[in-house]
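Coordinate-derived values only; no laboratory data. Please read these numbers as outputs of a predicted model, since none were measured by experiment. When we count neighbours, we look across all protein chains shown, and the Cβ atoms used for this are built from the backbone with ideal geometry, even at glycine.
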Amino acid sequence: MCNYLIREMRLDEVDILKDMLYEAIFQPDETNLLHREVIEQPELRIFIEDWGQADDLCFFAEVDGKIVGAVWTRILAGEVKGFGNIDDETPEFAIALHKKYRNKGIGTTLMKCMIRYLKERGYKRASLAVQKENYAVRMYLKVGFEIVKESDEEYLMVYNMS
């Protein structure tokens, strides 16, 4: 078990979300990783582009003063929607941890922290999309997300705040 701190992201830390977005991409083949430029694709870039809107929320996990993970939500409406979009009022989750810090409970704590914060702000639900192969599916189910739709490769999951 490692000691960690969960805190809100400061506006001057927006660039860190680029690294976190890359870490959030599920890559099952460690020998054939995607190039970092993949985050510039429109369907991924929308998770961080023009950060700082009213509904943009982010928490970082720190270990020994180093940011090792993040959870963020944003309402992705408009022409390009997120993979887990269910409507124009529901925040969509993204979460990332550097590999060394996975499976230590940090991701679960980040998720619970954000869920609590969204409840306090009056949101009714939150959503996310996850590849079926991703080990994080178990964690999402454990914190209370439910599978509401599936494709061949992905689950669409929703957390109801009530």
For region 58-80, name all the residues that are in contact (Cβ under 8 Å) with a residue 24 or more places away in the chain, closer than 20 Å to residue 130 by Cα and surrounded by fewer than 18 Cβ atoms within 10 Å (Cβ to Cβ).
80
The lone exception for residue 30 - which of (1) acidic (Asp, Glu); (2) touching a residue at least 12 places away in the same chain (Cβ under 8 Å); (3) loosely packed, with under 12 Cβ neighbours inside 10 Å it fails:
(2)
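State all residues of region 108-162 that are part of a helix (DSSP H, G or I) and of a type in the set (Ser, Thr, Tyr); if no residue qualifies, say none. Before you say what the answer is, go through the steps one by one.
Residues of region 108-162 part of a helix (DSSP H, G or I): 108-120, 136-143.
Matches in region 108-162: 108, 109, 117, 140.
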Taking region 109-135 and keeping only residues that are over 27 Å from residue 54 (Cβ atoms) and either surrounded by 19 or more Cβ atoms within 10 Å (Cβ to Cβ) or among the hydroxyl-bearing types (Ser, Thr, Tyr) (or both), one is left with 135
Checking residue 34 against (1) under 20 Å from residue 136 (Cα atoms); (2) within 15 Å of the chain's Cα centre (by Cα); (3) among the hydrophobic types (A, V, I, L, M, F, W, C), only one condition comes out false. Which one?
(2)
Within region 32-62, the residues that are over 30 Å from residue 121 (Cα atoms) and of a type in the set (Val, Ile, Thr) are 38
Counting only residues that are in contact (Cβ under 8 Å) with a residue 12 or more places away in the chain and either in a loop (DSSP other than H, G, I, E, B) or touching a Phe, Trp or Tyr at 6+ places or on another chain (Cβ under 8 Å) (or both), how many does region 35-53 have?
10
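Among the residues of region 89-98, what is the count of those that are touching an Asp or Glu at 6+ places or on another chain (Cβ under 8 Å) and either farther than 16 Å from residue 135 by Cα or part of a helix (DSSP H, G or I) (or both)?
Just the residues of region 89-98 that are touching an Asp or Glu at 6+ places or on another chain (Cβ under 8 Å), to begin with: 91, 96-98.
Next, only the ones that are either farther than 16 Å from residue 135 by Cα or part of a helix (DSSP H, G or I) (or both) stay: 91.
Final tally of qualifying residues: 1.
Take residue 144 and decide whether it is touching a residue at least 12 places away in the same chain (Cβ under 8 Å) and closer than 27 Å to residue 30 by Cβ. Break it down stepwise before answering.
Values: touching a residue at least 12 places away in the same chain (Cβ under 8 Å): yes; closer than 27 Å to residue 30 by Cβ: no.
Judged against the criteria, residue 144 is not a match.
What residue, of 75, 6, is touching a Phe, Trp or Tyr at 6+ places or on another chain (Cβ under 6 Å) and β-branched (Val, Ile, Thr)? Walk me through how you get there before you give the answer.
On the way: 75 fails: touching a Phe, Trp or Tyr at 6+ places or on another chain (Cβ under 6 Å).
Sole residue among the options that is touching a Phe, Trp or Tyr at 6+ places or on another chain (Cβ under 6 Å) and β-branched (Val, Ile, Thr): 6.
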